[in-house]
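Let me begin by presenting the structure, written as structure tokens, before commenting on it.
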Amino acid sequence: MTKPLISVVITVFNEEENIKPLLASTYSALKDLDYEVILVEDGATDKTVAEVKKYANNRTKLIIFNKNYGQTTALSAGIDMASAEYIATMDGDLQNDPTDIPMMLEKAISENWDVVAGRRANRQDGFVLRKFPSKIANWVIRNTTKVYLNDYGCSLRVYRADIAQNMGLYGELHRFIPVLAKQEGATMTEVDVKHHPRIHGTSKYGLSRTFKVMADLILMLFFQKYFQRPIHIFGTLGMLSFFVGIVINIYLLVEKILGGDIWGRPILLLGFIFLLAGIQLITTGIVAEIIVRTYFESQNKTTYKIKSVFQGE
């Protein structure tokens with residue numbers, strides 16, 4: 001059995017009213033391509049699964065999770081199951097337009113790009129809750145990671161399969177997929193894509209995600225700059241902290257020799273904090289993240305459990 005040219009991975013969570021138009025528009029957009037559609041149902045509590053089973057064709061697979069894992073994990077599961085040479089990703093809320101996929105695929109093939117990312121040219125979202133925080137996040141990510149895209153939040157992208165399936169998606173890193181792809185040596189470009197207002201359902205995101213994005217950004221910067229040489233950051237911080245602690249403690253030692261009373265002074269405690277606590281506080285979170293990755297990758301484990309897989313007819 002030959003591989004399809006493109007696998008379209010769509011994440012859905014409580015999108016029962018969107019499934020019928022989503023599948024109809026996707027099938028219509030891809031009718032001239034050799035394709036497969038992989039929907040990942042991320043622990044929905046409505047009739048999303050029933051609607052997919054009702055309208056799916058024989059080129060469609062539905063991955064059903066046993067609970068909600070989040071968008072990044074859902075994307076990872078769909079990408080893992082994809083069998084095509086190229087993989088497209090998009091949301092299932094009808095805001096992305098599948099008619100952009102053939103254009104993006106043609107650009108990837110004809111110009112030999114590893115990743116073609118969508119840029120929402122006329123974004124149909126609220127300014128305060130969606131556009132403004134997104135602009136800030138995009139600016140920060142662009143200028144800290146040096147991966148120069150304008151829209152990191154657009155889920156509509158086309159990848160070469162070998163790039164997509166080796167990015168290592170964990171946690172909530174879907175916004176940083178271009179950064180992860182760049183770490184794999186991917187060449188990428190950005191194209192304007194259509195964006196529609198949400199008609200059915202409600203957005204799963206809000207201002208609270210801004211803090212998560214900033215926390216994930218710290219992690220991404222570590223993996224981008226120091227993952228293969230962590231001693232450069234830990235060694236530098238360690239030596240600096242140790243040096244400050246040594247200076248403080250030498251000062252206290254000299255004062256003690258000269259007859260001074262140093263017991264109970266705050267600076268004594270400060271010296272020990274610089275020697276011990278600084279490195280521990282900074283590295284605990286990062287080391288834990290490395291352990292998580294080692295746990296999953298060394299044993300070929302996944303970060304999700306699939307309840308069942310449905311094949312359309």
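Could you sort the peptides 81-88, 174-181 by per-residue average Cβ neighbour count (10 Å cutoff), highest mean leading?
Working: 81-88: 21.5, 174-181: 23.1.
Answer by packing, highest mean first, reads 174-181, 81-88.
At q = 0.11 Å⁻¹, work out log10 I(q)/I(0) for the range 13-144 with the Debye formula, treating every Cα as an identical point scatterer and leaving solvent out; two decimals please.
-0.46
Cβ neighbours within 10 Å, averaged per peptide: list 267-277, 110-120 in order, most packed at the top.
On the way: 267-277: 14.9, 110-120: 18.8.
By packing density, highest mean first, the sequence is 110-120, 267-277.
In the neighborhood of residue 162, defined by Cβ-to-Cβ distances under 14 Å, what is the net charge if each Lys or Arg adds +1 and each Asp or Glu adds -1? Working shown, then result.
Working: positive: 3, 160; negative: 80, 85, 114, 184.
Its environment carries a net charge of -2.
For a quick check of your reading of the filter: which trypsin sites (Lys or Arg not before Pro) in the range 39-86 sit in a DSSP loop and have no more than 11 other Cβ atoms within 10 Å?
On the way: sites: 47, 53, 54, 59, 61, 67; in loops: 47, 59, 67.
When the trypsin sites (Lys or Arg not before Pro) of the range 39-86 are filtered for loop state and at most 11 Cβ neighbours within 10 Å, 67 remain.
Just list whichever of 61/307; 31/307; 3/53 have alpha carbons separated by over 18 Å in the model shown. Mind showing how you got there, number by number?
Working: 61/307 13 Å; 31/307 30 Å; 3/53 23 Å.
Distance filter (> 18 Å) returns 31/307; 3/53.
On full extension of the chain, what length is gained from residue 20 through residue 103, given 0.36 nm per residue of separation minus the C-alpha to C-alpha distance?
Details: separation 83, 0.36 × 83 = 29.88 nm, distance 2.33 nm.
Gain in length upon complete extension: 27.6 nm.
Estimate the FRET efficiency between residue 287 and residue 68 by the formula 1/(1 + (r/R0)^6), using the beta-carbon distance for r and 41 Å for R0, to the nearest 0.05. Could you put the intermediate results ahead of the total?
Details: r = 28 Å, r/R0 = 0.67.
After rounding to 0.05, the efficiency reads 0.90.
Modelled label-to-label distance, residue 45 and residue 276, 7 Å Cα→beta-carbon offset: nm?
4.5 nm
Using a 1.4 Å probe on the protein heavy atoms only, what accessible surface does residue 163 show? Give it in Å² to the nearest 10.
Residue 163 has an accessible surface of roughly 20 Å² with all protein chains in place.
Distance in nm between label sites at residue 140 and residue 162, each 7 Å beyond Cα in the beta-carbon direction?
In this crude spin-label approximation the distance works out to 3.6 nm.
Which order do 304, 251, 152 take when ranked by solvent-accessible area (1.4 Å probe, heavy atoms of all protein chains), largest first?
Numbers: 304 25, 251 110, 152 0 Å².
So the residues, ranked largest to smallest area, are 251, 304, 152.
The values are calculated or read from the model by the stated rules, or taken from the named source; none is laboratory data. Since the structure is predicted, the reported quantities are computational estimates derived from the model, not experimental observations. Every residue, glycine among them, receives a Cβ derived from its backbone with ideal geometry; neighbour counts consider all protein chains shown. Ligands, DNA and RNA are stripped out before the accessible areas are found, and what is left, the full protein with its side chains, is counted by its heavy atoms. Shrake-Rupley method; radii C 1.70, N 1.55, O 1.52, S 1.80 Å.
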